[in-house]
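First comes the structure, then the notes that go with it.
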Amino acid sequence: MANSSDSGVYQQMSLDLLPSALLATVMTKLDIASIRSLACTCKAFHSCASYMLCFIPNFHLLDIAPSADFLRPLIPPNPYIRSLKVDCMRLDDSSLDYLLQPTLQELCLHNCADFSGRLLSQVGQYCKDLRFLYLSSLAEKRGRSIDVFDLEVLFGGCTQLETLILMFDVSMFLRHNFARVWSIAPATLLSLEMGYISSVMVTELLSPPVVPYQSFEHIRPSILPGLQKLCLSVDYITDTMVSTITKNLNCLTHLDLRDSPIMEPRLAFDLTNAGIQQINLHGRLKHLSLVRSQEIFPAYFKRVNDLGILLMADRCSDMESICLGGFCQVTDTGFRTILHSCAKIFKLRIYHGPHLTDLVFHDMAATSLTLTHVSLRWCNFLTNHGVARLVSNGNLSVLDLRDCRNIGDEALQTISNLSKLKALLIDGSDISDMGLSHLSKGAMRSLVSLSIRGCKRLTDNCISFLFDESSDCELRELDLSNIPNLSDAGVLLLAKRRIPLLELRMRQCPLISDTSIMVLASMKVDEEGWYGSSLRLLDLYNCGGITQLSFQWLKRPYFPRLRWLGVSSSVSRDVLEALSRNRPFLHVAFHGEELGTTGQWDNSDDLYMHDYDEVDELEQWLEGENEGDDEDIQEAENNA
């Protein structure tokens, strides 16, 4: 008995007896998610976690949007911090004093709508060793402004900056001073991305400044001489802008241009055969993307045809990635030229190619191409036969055939042979329940992301055909949106399979009701897991049978890792406010916007690595033992 008692005391006191320096050393090797997990296990780890925040080199917290009161104690002065990534949705200029630390080399601040342009100048003053800067939605709230002087201070202070990503409307800067400031941008800058900028501002920005009384023979210094990557969203992609970029950025290896015209562009504000053949004059480009979006107005590149593509392809033999969107005059001849001229290409994306047919891939097997990523959206002349030719290239890991209306079950039968496939998107195709059974026999074993949104022929049976009980499944993201015949019975089948999904989208499914939410909330991935533990994103926007009853199942402790929730705008405001109080870190969207990050299948394969903690320890750490008012939602329902 004495030995048992002594053993119990030893087990109880062992963690407290460990040197704090040893625990801190171990914790510095972990990320924030792991540290927050340890902090909730015992007082010793909690105390050590609070102490070692003064020494942690990386602080990444993007899955929630903490308030200033919650975040301030988590970011004390730290002479060892090198990387900081935070969602700033609930922060403003008052948080700059602890966010900006002098040893930072990487700074990513998302959703900075409540910040002013002063953020730029403060970064330049306090983060002089910065190499990487990402800012999104800066000063988007009414009453905020961005002075070009703030940008000037940023460039003057961050002289070692290599990557600058400004994901907001850059045209808010005063135009006549904007180009002048870029002349003092750090020569170390290698990558530049902007959320929006006019094509005229781009041309002025990249044009070398003219000095009075300077001879024409004098060589003017170029702007951004070492830039290798340029990604811009503009009003119009024009010949003048493309020519300016090509002539002045000699080291460019990555060019990504996207526009969204509000009207049909005139000749002076459009891309033509003359402009597109200017691309890659220096022969260094590896990645090219030219996309005209139809989001605002149905505009296309009508002045570029097969001849322009042929002239461009002559300089593209070393291209590794090509994306062309909105080239409505290009036919199979132009697209085939790309495939046969670019022997090193592994990523091919073509959007809105109305003249693309199966002939583009007729002799794929005879080429030496090793395509890994292929996207052919809105290519309605593509059929099952063309897909069969395409997938003869067995290295595909990402295949996007969204809105290709003539794709059916026969295509799925050939796709099932792709053993390396990780992401498959076949929205709006003509597939059936039986067609999906082909995937379960092959590609389903490797698939991580599957989207079958808007496939009208599918029913509840598609779930049983997809998830064979005898086969292993790696699926983590599933989109079942806009399937009219999907009902609660299908969700019940999904829950029975115990697939540890991270993202589940069921937008605009009229037969989905409260029962589905109860089933998902009660689902256990394994016998020891928490109910509904794996889901981080759940989109239920405009589902016909969802009522206020569902919100009782959306509060804690159900869905402990849920971060994104989409619901209908008809839900009572009182119910939403009660849910917000119960789960303050949950992003709730009710205007129909798409949730989470889009286009993630276009990135590296390791994006599919996730943390499977059963309980959200971060909320416990930040909120302590306070459970909030769990009765609020019930009261809101009664008052509604």
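Over the heavy atoms of residue 434, what accessible area does a 1.4 Å probe trace out, to the nearest 10 Å²?
Its heavy atoms expose roughly 120 Å² to the probe.
How high is the relative contact order of the range 57-189, in percent, with contacts defined as C-alpha pairs under 8 Å that are six or more residues apart?
It rounds to 20 percent for the range 57-189.
Based only on Cα atoms, what mean projected area does the convex hull of the range 433-472 have, in nm²?
Computing the convex hull of the Cα atoms and averaging its projections yields 2.8 nm².
How much of residue 140 can a 1.4 Å solvent probe reach, expressed as accessible area in Å² and rounded to 10?
Approximately 110 Å² of residue 140 is accessible to the 1.4 Å probe.
Taking the dipole about the Cα centre of the range 57-189, with the C-beta of Lys and Arg at +1 and of Asp and Glu at -1, give me whichever of 183, 122, 112 is farthest to the positive side.
Farthest towards the positive pole: 183.
If you wrap the range 394-433's Cα atoms in a convex hull and average its projection over all directions, what's the area in nm²?
The Cα convex hull of the range 394-433, projected and averaged over all directions, gives 2.7 nm².
In square nanometres, what is one fourth of the surface area of the convex hull spanned by the alpha carbons of the range 471-524?
Reported value for the Cα convex hull: 3.7 nm².
Over the chain, calculate the relative contact order: mean separation of alpha carbon pairs under 8 Å at least 6 apart, over the residue count, as a percent.
5
Quick one: which of 322-333, 34-45 comes out on top by average Cβ neighbours within 10 Å, and what's the full order, highest first?
Ranking, from highest mean packing down: 322-333, 34-45.
Once the Cα gyration tensor of the range 18-104 is found, what semi-axes does its equivalent ellipsoid get, as square roots of 5 times the eigenvalues, in whole Å, sorted largest first?
Ellipsoid semi-axes (Å, largest first): 23, 14, 11.
Using a 1.4 angstrom probe on the protein heavy atoms only, could you order 31, 427 from most to least accessible area?
Of 31, 427, the descending order of accessible area is 31, 427.
Would you list 594, 410, 193, 477 from the most to the least accessible area, probe 1.4 Å?
Accessible-area ranking of 594, 410, 193, 477, largest first: 410, 594, 193, 477.
Counting only protein heavy atoms, what percent of the accessible surface of the range 446-590 is carbon or sulfur at a 1.4 Å probe?
Ligands and nucleic acids excluded, carbon and sulfur reach 49 percent.
Given a 1.4 Å probe and the protein chains all in place, what does the accessible area of residue 128 round to, in Å² to the nearest 10?
Accessible area, nearest 10 Å²: 110 Å².
When the Debye formula is applied to the Cα atoms of the range 57-189, each taken as the same point scatterer, what base-10 log of I(q)/I(0) results at q = 0.09 Å⁻¹?
Ignoring solvent entirely, the Cα scatterers give -0.23.
Tell me what the chain gives for mean residue ellipticity at 222 nm when only DSSP H runs of n ≥ 4 count, each as -39,500 (n - 2.57), the sum divided by the residue total, rounded to 500 deg cm²/dmol.
Roughly -8000 deg cm²/dmol at 222 nm, from the helical runs in the chain.
Treat the chain as a sphere of radius equal to its Kirkwood radius over Cα pairs and apply Stokes-Einstein at 20 °C in a medium of 1.002 mPa s; give the translational diffusion coefficient in µm²/s, rounded to a whole number.
Result for D is 78 µm²/s.
Could you tell me which helices of the chain pass both thresholds, a Cα extent of 15 Å or more along their own axis and a mean Kyte-Doolittle hydropathy of at least -1.0, with helices taken as whole DSSP H runs?
Span-like helices here: 2-17.
How many angstrom separate the Cα center of the range 26-75 from the Cα center of the range 397-445?
Centre-to-centre distance over Cα atoms comes out at 42 Å.
The values are calculated or read from the model by the stated rules, or taken from the named source; none is laboratory data. Computed from a prediction, not measured in an experiment: that's the story for all the values here. Heads up, the Cβs are rebuilt from the backbone with ideal geometry, glycines too, and the neighbour counts pull from every protein chain shown. Only protein heavy atoms, including side chains, enter the accessible area calculation; ligands, DNA and RNA are left aside. Shrake-Rupley method; radii C 1.70, N 1.55, O 1.52, S 1.80 Å.
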